[in-house]
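Take a look at the structure set out below.
The values are calculated or read from the model by the stated rules, or taken from the named source; none is laboratory data. Here the structure is a predicted model, which means the values were calculated and not measured. Note that we place each Cβ from the backbone using ideal geometry, even for glycine, and neighbour counts take in every protein chain shown. To get the accessible areas, we keep the full protein, side chains included, count just its heavy atoms, and leave off ligands, DNA and RNA. Shrake-Rupley method; radii C 1.70, N 1.55, O 1.52, S 1.80 Å.
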Amino acid sequence: MLELTINGEKRSVDASPDTPLLWALRDVLGLTGTKFGCGIAQCGACTVHVDGKAVRSCVLPIGAVGERAVTTIEAIDGTSAGRKIQKAWLDLEVIQCGYCQSGQIMSATALLAATPSPSDADIDAAMSGNICRCGTYVRIREAIKQAAKAG
Amino acid sequence: MTEATSRRTFLQVTLASGAALLVGFHVPLAGAAPSKGGGAGAARFAPNGFIRIDREGAVTLIMPQVEMGQGVYTSIAMILAEELDAAWDRVRLEAAPPDQALYANPIFGIQVTGNSNSIRAFWTPLREAAASARAMLVQAAAQRWQVSPATCVTQQSEVRHPPSGRTLAYGALIAEATRMAPPKDPQLKSPQDFRLIGKPIKRLDTPEKVNGKAQFSIDVVPPGVKFATLAACPVFGGRLVKVGDQAARQVPGVRDVLSFDDFVAVVADTTWAAKQGIAALDITWDDAGNGVVDTATVSKQLRAASLRTGVTAQAVGDVDKALGTGERFDATYEVPLLAHAAMEPLSCTAHVTTDSCEIWVGSQVLGVAQEAAVKTTGLPAQKILFHNLYIGGGFGRRLDVDYVIKALRIAQRVSGPVKVTWTREEDMQHDVYRPTYVSRVAASLVDHRIVGWNYRVAGSSVIARFLPVAFKNGVDVDAVDCAVDLPYDIPNLRVEYVREEPLSVPTGFWRGVGPNNNVFVVESCIDELAARTGRDPYEFRHALLAGTPRLQAALELAAEKGDWGKSLPPRVGRGIAVQTAFKSYIATVTEVEVDEYGLVRVRRVVCAVDAGTAVNPDTIVAQIQGGMIFGLTAALYGRVTVQNGRVQQSNFNDYRIMRMNEAPQIEVHVIRNGEAPGGIGEAGTTAAAPALSNAVFAATGVRVRTLPIDPKLLAKRPTA
Amino acid sequence: MKAQQGISAVAALIGVIVIGAVAIVLWYAMSPGPMAFVTAPRVKLSEYAGAPTGVPADLPGRDDPLVRGRYLTQAADCEACHTTPGGKPFAGGRAFATPFGTLYSPNITSDPETGIGHWTDAQFIKAVHKGVRPDGARLYPAFPYASYTYLTDDDVLAIKQYLASLPAVRQNAPANDLAFPFDQRWLMALWSAFFNPDQRFRATPAHSPEWNRGAYLVEGLGHCGECHTPRNLLQALDNRQKFAGAVADGWRAYNITPDKSTGVGAWSDVDLASYLAAGHAKERGAAAGPMREAVEFGLRHLTPSDIGAMVTYLRSVPPLSSSNLPSRLAGPAPAAYDGGNAAHVDARGRMIFESACVSCHAWTGEGTATSYATLTGSRAVNDPSGRNVVQVILSGVPPLRGQPDVFMPSFGHAYTDAEIAAVANYVTARFGAEASTLSANQVARLRNGG
Ligand code: FES
Ligand code: FES
């Protein structure tokens, strides 16, 4: 039994310490907003924040999380960067199937929190690990810029 | 032959489909149980399968097509709400249950979402259904007020009588409306009265997709659910001989190991534990003799087949004679197997008991899924409850129901519900692949005009497997779609199809279907012929498109917006291509840069799109943008290879997908007119490869006839 | 006169050539043995009180001969070479690219026809010690009999007994594909005469029992020098450069002498032990390629006492410096993607890194999730040849059995030679002390077997 801090709450997780955070969130805690896409840190669908940094939860064993605070898509509206990103996403109608978008929004929020007015290169550096099979990249880029302007 | 039974009959889909005996899947909310339509209790007005209005006036729209990112829920709701004059901000959506009678796609005849035809197929039926419902409500109000229906108007889910200033909400009229006879010939709005259609309305499904609340089929967690994953024989068609499961059963969290004749599943407390369990299995397979298949033999097989005369799909004039005149041109093109690799790996949750079955799934073919469930469980259809959920990218993969059947077979041996999630590796290695096609073109030129054109495509027939009744006279209408009925003015033309099934490799529909191959080949050829004649590719096309003015107009617009003809630095080039796929008229100008190693960077893409009446123009733009990325990914990187009977790719590390830092600027210019709506979900994908490879030619002088583009051929300095 | 002068000139030339050739052969032939650096006297095992051979005292179940046999088979890392990837264990057929052509390992399961089922004990011992098959044919020294020759008869037979207990697999290895004259097996007799000491292990009483056990493991069973010691032109180990690093199977086997800057002298005992036993040490990187296999099939099965013994022994060999490795390791890169050393390197390298690599390795190189992904401090990124960085990108790092969560996917299928060169150059520039300058051609050669 491990204790994790998720979205500001202490949660006990009954799973072996090598279980990736992704599966603890989805299958043990029922937080299914964080998605499984590849399991090998190649797609970004599983992105969460650990102490504010975007991390691929599919390769982060819960045993390695420790005291660090985990934030998932379900609570990203608790941050101002998160709210701005969500709004820009809807305003520019970024989303298609939506499956990758939890991860996109988590990566974009971490970017915006650290770099309030990101350049194209900043966006490339922060977002290229997130695959969108529906191909929403053009709008993601625009939406990040719009969210930054809203800042 | 009418449109409905012509070659387009079955093919135009690709995206349509599926609803299901759906419970509780509602966007944005809607709490009621599903309607079977038609029925008219006192509590609701449900004049047909698409509309339900309750006493409180809540309007629920039932979605006959599934949402997989193409925005169809919003577009369909817009059409219904438009003709119904429902208050847009209060409509609720509900996915349709499996019911082939009520929800069959009018073009296919079965309940299917596919071939980019949702709007094309449902445009008129939905308008009529909603207009009829509105007429019944008006009639009910008019009767109550004792006025002529002609003096009543509707707006915002209300009937109004302007002369007297009276107003009745739809909810107040449901009892009477239910008793009204539906009008024989419901009157449709004229386009200038549209309040919703044609506006860039915000999508209804997206608010719950920015906060993790939207439920995809992989997300359902019924109480007591167990988690499973599976491994099928890596060699196609292989069978299980035996499985050593001692180590797997010792993995913490593993509950059971289940063997089937063609796969093994591990059931556990988490998907992770199940995956660990699979990794710990010691499985012996019998490869059923398919362990010898590889990409090179498949290619050889197809190339040999392409030398045979095929079945004629279209013939105009005297091709053989025409090919004997003028300057002759011959070329062979080849496209590879492709995996769908939707972001959401396949998954399906099921709970099977001796006398009931509940299924949570995202399917493009709910009716087919229901039939499969009946067959697999032996239960009657009414005992099988379907929840059709959002699809995290379909692209044609979920037109097959193999993953539903496997989940049911597992569920039959698990007590309580079980969620079966495929690993990405399993998803990629047990796909139904876009067929590899080899196409041969022979053409002849006289005075810079194409006088003869023989087009032969050889490849697997997806139609023959998927919808055998549609495979007629040896022609796969999908495999020749966009090869027949060319927009160009060519006096002598023949199109042939050679069916050749590559040993053991299962094939399926893939976003853009047959037109992907045919538009690539045709537009490459046209470019090559333009080069032969020394003409500008734009001019050459323009002259041949006199008979297709909508396409000609798109071509002009794309050329203008895409800076056609403006000068470019060395190793940078523009390519142009046109298409009529899915009944949308599209021209594309693509600009690329090719570095000294032959690596291609796409700088900019400009599309001019005439999709007729635009229900939601922003959705058209989004679909073209996204479809373009999907197609560019395939043209640059997409290739599934087979060795020893197994697919070599496994995940995104070896099946490469275009990413943010490679994505070009994509400009979409929508041409508005009142023509019937065209399909757009796949058209962008079809548009990608031809304009791209023509641009590569412009930049390097190297003609690409095999996809994906091989950078080695484009390198300035050959790289060993 | 003229003719005579000519003849004597030729004779002189021949003389010089002969003398030169003899000198070279002598230089090679007098090449020191692997333990020549040990100055203290060595004695036969029968004259030594300790027990450096066999299995360690802390091996559970050591009374069972099959447990002993399995342990020794693992310590000798037999399975790695005698199994094809994904194939049946010990059934052979694995290809080895050599400068002279391709060799395939034989089937050593107990199948009587295609394996070694009918071999007698004496025949098996002869093969392992002398490189001679029962039919008298010579084995190629890709089979490390010049190392295995140190093993005791008992240990060799324990291995044989263990192999005999496993399922027989009927499977012929493909025929070797070697160019003339290397396809002439008899030539290997000459090679053996020069380069196989054909001597059992001898102990050095002046050193500790632990050291002696380590020597037996490192020089005999583990045959570490076969990869880590450079070879001469005749493919024999050049022990003048003992453990100074070499290229094996397309990968660079690094300097494992105690040299502080380019060897493992700066590694703590814990680091070394962890690297050997788990294929990974914090801040030192993870074992990949052939070393990964050595860990998978061999080292991770060894007991802590044996791992400790190996460390003790490795610490005692003479330190040698590798002039082609930088003398210091780079520290972490900056957290910002646009800081650090790699700014000048091909932009494509960065594009690929930010797409496919940064999610695990982080812009700092210190790893995002687990230390297994740490690049900082690893020898591979601090090697300006970039060879192992390229290899690991091409083929990945497979998970160890039972630890499926620790691995790196392979990218060779999806990226071109030019792209892999670019990302390797970027990675060595950003995280290493000195950037590599690989070309697409060099990557193509590595892709095709080195
Ligand atoms: S699921 Fe974690 S990166 Fe793809
Ligand atoms: S929106 Fe579908 S994968 Fe990104």
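Quick look at the values:
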{"item": "Sum of -39500 (n - 2.57) over DSSP H runs of 4+, divided by residues of the protein assembly as shown (222 nm, nearest 500)", "result": "-9000 deg cm²/dmol"}
{"item": "Rough spin-label spacing in nm, given labels placed 7 Å along Cα→Cβ, for C:HIS413 and C:ASP249", "result": "2.1 nm"}
{"item": "22 Å Cα-Cα reach of B:LYS300 towards lysines, excluding residues that sit fewer than 8 places from it in its own chain", "result": "B:LYS712"}
{"item": "Sorted largest first, extent of the stretch C:121-192 alpha carbons per principal axis (Å)", "result": "38, 30, 19"}
{"item": "For the stretch A:2-75, fraction of C-alpha pairs farther apart than 19 Å, in %", "result": "19 percent"}
{"item": "Calculated over chain A: convex hull of Cα atoms, volume per residue (Å³)", "result": "93 Å³"}
{"item": "Lysines whose Cα lies under 19 Å from that of B:LYS189, excluding same-chain neighbours fewer than 8 positions away", "result": "B:LYS199"}
{"item": "Cα coordinate range in chain C, projected on the principal axes (Å, largest first)", "result": "82, 63, 48"}
{"item": "Förster radius 56 Å - calculated FRET efficiency between B:ALA43 and A:SER117 (Cβ-Cβ, nearest 0.05)", "result": "0.55"}
{"item": "Rounded D (µm²/s) - the stretch C:58-195, Kirkwood Rh over Cα pairs, Stokes-Einstein at 37 °C, 0.692 mPa s", "result": "212 µm²/s"}
{"item": "Surrounding net charge for B:ALA175, when Lys and Arg each add one and Asp and Glu each subtract one, Cβ distance under 10 Å", "result": "+2"}
{"item": "Two-site FRET efficiency, C:VAL22 against C:SER321, from Cβ-Cβ distance with R₀ of 35 Å, rounded to 0.05", "result": "0.65"}
{"item": "Shape of the stretch C:1-106, Cα gyration tensor, a/c cut at 1.5", "result": "oblate"}
{"item": "Where the Cα pairs of the stretch B:625-720 fall when distances are cut into 5 Å bins, in %", "result": "2, 11, 17, 19, 19, 14, 9, 5, 2, 1, 0, 0"}
{"item": "Mean projection area, nm², convex hull over Cα of chain B", "result": "32.9 nm²"}
{"item": "Pairwise FRET efficiency - B:SER190 versus B:ARG166, Cβ, R0 = 45 Å, nearest 0.05", "result": "0.95"}
{"item": "Selection of chymotrypsin sites (Phe, Trp or Tyr not before Pro), the stretch B:229-295, meeting DSSP coil and at most 16 other Cβ within 10 Å", "result": "B:PHE260"}
{"item": "Summed side-chain charge close to A:VAL50 - residues other than A:VAL50 whose Cβ falls under 11 Å, Lys, Arg +1, Asp, Glu -1", "result": "+1"}
{"item": "Ellipsoid equivalent to the stretch C:263-328 - semi-axes via the Cα gyration tensor, in Å", "result": "20, 15, 11"}
{"item": "Charge context of B:ARG166, other residues only, Cβ under 11 angstrom, K/R +1, D/E -1", "result": "+1"}
{"item": "Label-point separation, C:ASP63 to C:GLU47 (7 Å along Cα→Cβ), nm", "result": "3.5 nm"}
{"item": "Nearest-10 value in Å² for the accessible area of C:LYS260, using the 1.4 Å probe", "result": "150 Å²"}
{"item": "Centroid-to-centroid separation of the stretch B:515-565 and the stretch B:478-514 [C-alpha atoms, Å]", "result": "20 Å"}
{"item": "Accessible-area composition of the stretch B:81-221, carbon plus sulfur, in percent [1.4 Å probe]", "result": "52 percent"}
{"item": "Per DSSP, loop chymotrypsin sites (Phe, Trp or Tyr not before Pro) in the stretch B:544-608 with at most 11 further Cβ within 10 Å", "result": "none"}
{"item": "Calculated SAXS-style log₁₀ I(q)/I(0) at q = 0.04, 0.07, 0.08, 0.09 Å⁻¹ - the protein assembly as shown, Debye, Cα scatterers", "result": "-0.27, -0.79, -1.00, -1.21"}
{"item": "Gaussian network model of chain A, Cα within-10 Å springs - most flexible of A:ILE123, A:ILE40, A:ILE76", "result": "A:ILE40"}
{"item": "Peptide B:63-69, shielding by other chains (average Cβ, 10 Å cutoff)", "result": "3"}
{"item": "Simple spin-label estimate for C:ALA122 and B:THR641 in nanometres, 7 Å along Cα-Cβ", "result": "5.1 nm"}
{"item": "Relative intensity, log₁₀ I(q)/I(0), of the stretch A:76-149 from a Debye sum that treats every alpha carbon as a point, q = 0.16, 0.17, 0.18, 0.28 Å⁻¹", "result": "-0.45, -0.51, -0.58, -1.54"}
{"item": "Calculated log₁₀ intensity ratio I(q)/I(0) where the Debye formula runs over C-alpha points of the stretch C:209-316, q = 0.18 Å⁻¹", "result": "-0.87"}
{"item": "Euclidean distance of C-alpha centroids, the stretch C:310-382 and the stretch A:43-71, integer Å", "result": "23 Å"}
{"item": "Rg ratio (alpha-carbon, reference 2.2 N^0.38 Å) - the stretch B:80-184", "result": "1.23"}
{"item": "Segment B:ASP318-B:ALA296, extension gain: residue separation times 0.36 nm, minus the distance between their alpha carbons", "result": "4.3 nm"}
{"item": "Cβ neighbours within 10 Å from other chains - mean over C:411-417", "result": "6"}
{"item": "Residue mean of other protein chain beta carbons inside 10 Å, A:48-54", "result": "1"}
